[in-house]
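The structure appears below as structure tokens.
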Amino acid sequence: MKKLLFYLLLSTAIAPQVYSNPGDTTWVTIYNLRKITQWGNYDTSAVLPTGKIFRKIKLHYILGRYACPAGTQYCGSWDYTTQVYAKPANADTVEIARIITPYANDWLTSNRKHDFTVDVTDYASILNGNLDFRYKYDGYSWGFTLTLKLEMIEGTPPMNVISAKNIYDGYFSYGNTTYPIENYLIEKSYLYNTPVAKAYIKNTISGHGADDNDCSEFCSKYYNLKINGAAVSQKQLWKSDCGKNDISPQTGTWLYDRANWCPGQIVYPINHDISAITAPASTFSVDLDMQPYTSPTQSNTGGFNIVSQLITYAAPNYSRDISIEDIISPNLDPNYARSNNACNNPVIKIKNTGANPVTEVVFNYGIAGGASSSYTWTGTLNFLEEAIVQLGPTLQLYNGNTTNQFNVAIDKVNGISADDNSFNNTYVSTYNAVKVYPNKFVVQFSTNAATSPINPGFNEAHWTIKDINGNIVASRINNLNSTVFKDTVDLPDGCYTFTMDDDGCDGISWWAYQYYTPNPGAGTLRFNKLSPAIPLKTFNGDFGCQINERFMTTSTVTAIYNEENTTLFDLFPNPTTSSFINLIYSNKEPLNYSITDITGKVVKFGQIDNNNAELHPIEIDGLISGMYFMICKFEKSETIIRKFVIDK
């Protein structure tokens, strides 16, 4: 992306509440629904608590949309680099977070927002008192709203932060022989003193812009880290899983892999522990070398946004301590959308925050108000290492649970009850229950014309259904192009996972297909009732590499739920090429509906008085091709919104 700078000076200060007990949380608002109206720097200030120690500090970066004034030339809301800086008075101005905005053209109409949560505990030494902040927006179109909040949780951290200092900070052209990137990534000398016991190099690097070789944004390159002139680590700067982005689908090229970033994701730093090769009171040098590269288009090269920091800490505060960092599933957090909703095998993230290695952890977990289960994890987890733990398949999160609250707690660490720090031993999440389908239903899959790069001669997409133990109980593989498949599955009562993988990582229906030669067209995927053959679930074909549907089956037909856990509700065919679209819902409750275009303008409205029918055709003959939203308001339940496409 082209780097543009325009300085805007803004100020606001909101005083935080003050607490004094471990586990208490102070919230500080830095920005609240600030409209991003131009590229450049947005400067402000906030008042943070002083004289307190925080176990963890989280930055909540909440992105939304606003309606640009009529006639606004640039309001694309695309994927742009944004950086959040803390600016202490007597220390380095340091980047504390980097977020790439998503392609969010449809967020305004769908009333969508997202909370990107970043652990910024590394900067605890400067996050106090009257503090200036800078939000840097590198986009050339706008339409986003920004809310920044600090969640400051009191308690003793794994290590007390001593300082955070810059090594490199800038955007540097890559492959330009007139201005070589190594002219800026020069060797630098540093010194730290006691009480520093741990030292880390923290690198946040992302590639942007493209020459004839698609460098830097779409080519994979590495860097070498050198300490005292000797190479100590090599890291590849590439994100190979953009097609599994939790913020999906998006309206642009979100599924293309990129140079260490994806649209709508945090740019995660790469940490290097240099404690063993440096020492207090001994000068050492740091040097970052990018992979050698010469661009064929010297006048139009890409570049890398490189922030490298030296973070120093005091000695670890705990010997034996495991922290439950998060619950991945079950959880309604959109950051884990692809892992939910779930009906088996809860998944959590843990971290060793004690100096001693951990080889065994016993967890207790369950649904609030229900029975508790136990699971023992074994392995080797060293200081500050993380692990994803899949708990046992004994717990089924049934629909209709009155709490929808999942609890997990640490019972034993290395065979000893609890550990040195009890404040990070429990975690709670709320979740949405999975859908429930009848035992027999039809998987209807219409393939497009995209041939698999992995399995030549067959379509890119294929699916499986697995039971609670991971056994495949149904599948469709080696599928022909441009063919309709209707597979009836008959599943006993239980919990299942349907997975469709696409070998090309571009889903089965994507707007960019129109630019392909040849155009593979659009595939469709849905679950149908046996009779009448109407959809139980219609999948969005723009799913990138993979889509999952976790569900339960029952012989009780009345226990069929939709995403809102209220009633069967959907639109089909979608996209539609005819003069009508069918609204499907099984509730007898009347509803009022309105159809809006992508700008939010109401183009049609009406009312449906349900007379036990499940299929309600709505005339759309007067509407042109494009994306629309069906907004249905029930008398007694919540509003439901569905997106659909007219393609005449």
Given (1) without any contact (Cβ under 8 Å) to a residue 40 or more places away in the chain; (2) closer than 29 Å to D542 by Cβ, number of the condition P180 does not satisfy: (2)
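A quick yes/no check of all residues on (1) in contact with a Lys or Arg (Cβ under 7 Å, 6 or more places away or on another chain); (2) crowded, with 20+ Cβ neighbours inside 10 Å; (3) modelled with pLDDT of 80 or more:
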site: I547; (1), (2), (3): no, yes, yes
site: R550; (1), (2), (3): no, yes, yes
site: T558; (1), (2), (3): no, no, no
site: N565; (1), (2), (3): no, no, no
site: L568; (1), (2), (3): no, no, no
site: N582; (1), (2), (3): no, no, yes
site: K588; (1), (2), (3): no, no, no
Looking only at region 279-301, and only at residues there that are polar (S, T, N, Q) and within 32 Å of the chain's Cα centre (by Cα), the one that is surrounded by the fewest Cβ atoms within 10 Å (Cβ to Cβ): N300
Near pairs, Cβ below 9 angstrom, 6+ apart or cross-chain, from region 239-261 (within 20 Å of T109 (Cα to Cα)) to any residue that is in a helix (DSSP H, G or I) and of a type in the set (D, E, K, R): D246/R338; S248/R338
Residue count, region 414-442 (criterion: within 20 Å of T538 (Cβ to Cβ), modelled with pLDDT of 95 or more and in a loop (DSSP other than H, G, I, E, B)): 0
T312 more than 21 Å from A409 (Cβ to Cβ), modelled with pLDDT under 95 and either assigned by TED's automatic domain parsing to the domain that holds I270 or touching a Phe, Trp or Tyr at 6+ places or on another chain (Cβ under 9 Å) (or both): no
Selection count, region 143-153, where residues are farther than 21 Å from N21 by Cβ and crowded, with 23+ Cβ neighbours inside 10 Å: 2
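Against the condition at pLDDT 95 or above and in a loop (DSSP other than H, G, I, E, B), how does T177 come out, does it pass?
yes
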Identity of the residue in region 203-250, of a type in the set (S, T, N, Q), surrounded by 19 or more Cβ atoms within 10 Å (Cβ to Cβ) and farther than 15 Å from I306 by Cβ, that ends up farthest from the chain's Cα centre (by Cα): Q250
When residues of region 527-548 are limited to those that are in a strand (DSSP E or B), over 24 Å from the mean Cα position of the chain (by Cα) and of a type outside the set (A, V, I, L, M, F, W, C), the one nearest to P617 (Cα to Cα): P535
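The values are calculated or read from the model by the stated rules, or taken from the named source; none is laboratory data. Worth saying up front: this structure is predicted, and the values here are computed from it rather than measured. Ideal geometry is used to build each Cβ from the backbone, glycine not excepted, and the neighbour counts take in all protein chains shown.
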